[in-house]
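**Q** Okay, here's the structure, questions in a sec.
The values are calculated or read from the model by the stated rules, or taken from the named source; none is laboratory data. None of the values given here were measured: they were computed from a predicted structure. Neighbour counts run over all protein chains shown; Cβ positions are idealised from the backbone, glycine included.
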Amino acid sequence: MAKKAAPKTVTQIVSADPFAAIATSAPTTKTKKSSMPTAEVTNPVKNSVDLVVSHKAEISRLEAELATHEVTIIDHVRPQQDTAARAGNYSKSFRVPGNTGALTYVTSDRFSAPKNAVIEQLKQLIGMAKFDEWFEPKRTIKLKPEATTDQTFIQKLVKVTADAGMALGDAFEVTDTWATKEGLDEKQFELSPAKLEEFRTLCRQAKPALK
């Protein structure tokens with residue numbers, strides 16, 4: 001039997017921005033409110049200030065109210081989507097009618113990366129066949145902060161890593177994780193209801209959108 005090839009690792013390199021420190025490291029002075037100068041304003045500006053203050057408060061109230069109602073709608077539609085999916089009628093979106101309007105419930109195919117600590121638990125839960133089908137290894141390589149300031153280090157980085165005799169961990173912070181593959185939003189319904197419930201605690205799906 002031919003030996004199974006190891007899964008291909010998706011590698012992402014995140015470079016440190018050498019100008020970020022310049023842009024964010026300017027000295028700041030915490031000013032007490034009592035010593036803050038007051039701008040001279042006209043009546044139209046005063047009216048604008050009052051409107052902005054009022055609207056900001058109203059926006060905050062509406063955002064909180066909107067979030068509450070969105071949860072109500074999503075919690076009502078999701079079980080219907082689950083039932084249809086298990087019956088082989090998966091749909092990413094549902095029309096949700098109201099009294100005078102309608103929304104579209106749209107499922108996301110984005111999932112949070114499962115923590116490395118639960119990978120073995122995931123493998124046992126869904127089996128290796130599904131794990132290999134649903135997930136792929138992902139490596140994120142981030143340039144260490146000292147690599148952007150140490151001139152000797154920078155000179156080495158200019159050369160080819162192999163020629164400089166450097167190991168990957170000498171210059172980079174390496175993080176290995178697992179990423180979900182496309183289509184998991186539907187494939188997850190191959191699991192039994194009990195396993196799906198546990199799976200969702202180990203690999204969280206992005207919140208559905210209401211449009």
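**Q** Pairs, please: C-beta under 6 Å, at least 6 apart or cross-chain, first residue touching a residue at least 24 places away in the same chain (Cβ under 8 Å) and in segment 187-211, second charged (D, E, K, R) and not in a helix (DSSP H, G or I)?
**A** Short answer, once both residue conditions are applied: 206/110.
**Q** Check off (1) β-branched (Val, Ile, Thr); (2) at pLDDT 70 or above; (3) within 30 Å of the chain's Cα centre (by Cα) for residue 152 and give me the number that stays unchecked.
**A** Of (1) β-branched (Val, Ile, Thr); (2) at pLDDT 70 or above; (3) within 30 Å of the chain's Cα centre (by Cα), only one is false for residue 152: (3).
**Q** Does residue 130 qualify as being buried (at least 16 other Cβ atoms within 10 Å of the Cβ) and at pLDDT below 90? Walk me through how you get there before you give the answer.
**A** Numbers: buried (at least 16 other Cβ atoms within 10 Å of the Cβ): yes; at pLDDT below 90: no.
Against the criterion (buried (at least 16 other Cβ atoms within 10 Å of the Cβ) and at pLDDT below 90), residue 130 does not qualify.
**Q** What number of residues in segment 73-89 are surrounded by 10 or more Cβ atoms within 10 Å (Cβ to Cβ) and either on the phi > 0 side of the Ramachandran plot or under 24 Å from the mean Cα position of the chain (by Cα) (or both)? Before the answer, list the steps.
**A** To start, the set of residues in segment 73-89 that are surrounded by 10 or more Cβ atoms within 10 Å (Cβ to Cβ) comprises 73-74, 76-78, 80-86.
With the extra rule that they be either on the phi > 0 side of the Ramachandran plot or under 24 Å from the mean Cα position of the chain (by Cα) (or both), the set shrinks to 73-74, 77-78, 81-82.
Residues that pass the stated criteria total 6.
**Q** Now for a separate question. Please pick out the residue among 58, 120 that is over 27 Å from the mean Cα position of the chain (by Cα) and exposed (fewer than 13 other Cβ atoms within 10 Å of the Cβ). Walk me through it before giving the result.
**A** On the way: 120 fails: over 27 Å from the mean Cα position of the chain (by Cα).
Matching residue, one of 58, 120: 58.
**Q** For residue 13, which of the numbered conditions (1) surrounded by 10 or more Cβ atoms within 10 Å (Cβ to Cβ); (2) in a loop (DSSP other than H, G, I, E, B); (3) modelled with pLDDT under 50; (4) out of contact with any helix residue (DSSP H, G or I) (no Cβ under 6 Å at 6 or more places or on another chain) fails to hold?
**A** Going through (1) surrounded by 10 or more Cβ atoms within 10 Å (Cβ to Cβ); (2) in a loop (DSSP other than H, G, I, E, B); (3) modelled with pLDDT under 50; (4) out of contact with any helix residue (DSSP H, G or I) (no Cβ under 6 Å at 6 or more places or on another chain) one by one, residue 13 breaks only (2).
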